[in-house]
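The values are calculated or read from the model by the stated rules, or taken from the named source; none is laboratory data. What you are looking at is a predicted structure, and each value in this text was computed from that prediction instead of being measured. Note that each Cβ is placed from the backbone with ideal geometry, even for glycine, and that neighbours are counted across all protein chains shown. For the accessible areas, the whole protein counts, side chains as well, though only heavy atoms, and no ligand, DNA or RNA atoms are used. Shrake-Rupley method; radii C 1.70, N 1.55, O 1.52, S 1.80 Å.
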Amino acid sequence: AHLTPGEEAVAVGVPSGVGPSVSSGVVSGLKRGFRSPDGGQQMSNLIQFDAAANPGNSGGPLVTLDGQVVGIVTAILNPTPARTFLGIGFAVPIENAAAAAGQPPF
């Protein structure tokens with residue numbers, strides 16, 4: 001709830017089967033929307049970040065430098081068929097992820 005644009009964050013995952021891996025960046029925006037390129041599900045209230053994320057990072061945590069898990073990496077914006085990171089990633093806020101799992105976030 002206290003996350004702000006410009007705050008540093010790291011994305012943790014196993015991109016392309018190499019890892020585990022940690023990439024650093026910043027929170028670029030809050031309450032963003034995203035529709036999958038194949039016209040699938042529209043997602044909203046997402047955290048936008050620029051820490052390098054590639055296929056395989058999905059499901060990993062987005063963590064602030066003070067160790068708080070603030071989101072779950074869920075998508076990358078990629079208008080090309082290359083499936084590589086172009087600088088815009090999205091994470092579901094941890095409050096939403098916890099609620100979907102039926103758990104309190106803290």
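Packing order of peptides 18-29, 50-61, highest average first: 50-61, 18-29 (average count of other Cβ atoms within 10 Å over each peptide's residues).
Largest first and in whole Å, the equivalent-ellipsoid semi-axes of the stretch 37-77 read 20, 12, 9, each the square root of five times a Cα gyration tensor eigenvalue. Between the alpha-carbon centres of the stretch 8-45 and the stretch 63-78 there is a gap of 7 Å.
Projecting the Cα atoms of 46, 26, 5 onto the charge dipole of the stretch 1-101 (Cβ charges, centred on the Cα centre) puts 46 farthest toward the positive pole.
Taking the inverse of the mean 1/r over every pair of distinct Cα atoms in the chain gives a Kirkwood hydrodynamic radius of 13.7 Å. Radius of gyration over Kirkwood radius for the stretch 14-59, both on Cα atoms: the Rg/Rh ratio is 1.02.
Here the peptides 71-78, 42-49 are ranked by packing, the mean other Cβ count within 10 Å, and the order with the highest first is 71-78, 42-49.
Roll a 1.4 Å probe over the protein chains and send me the accessible area per residue for the stretch 1-75 in Å². Dividing the accessible area of the stretch 1-75 by its residue count gives 53 Å².
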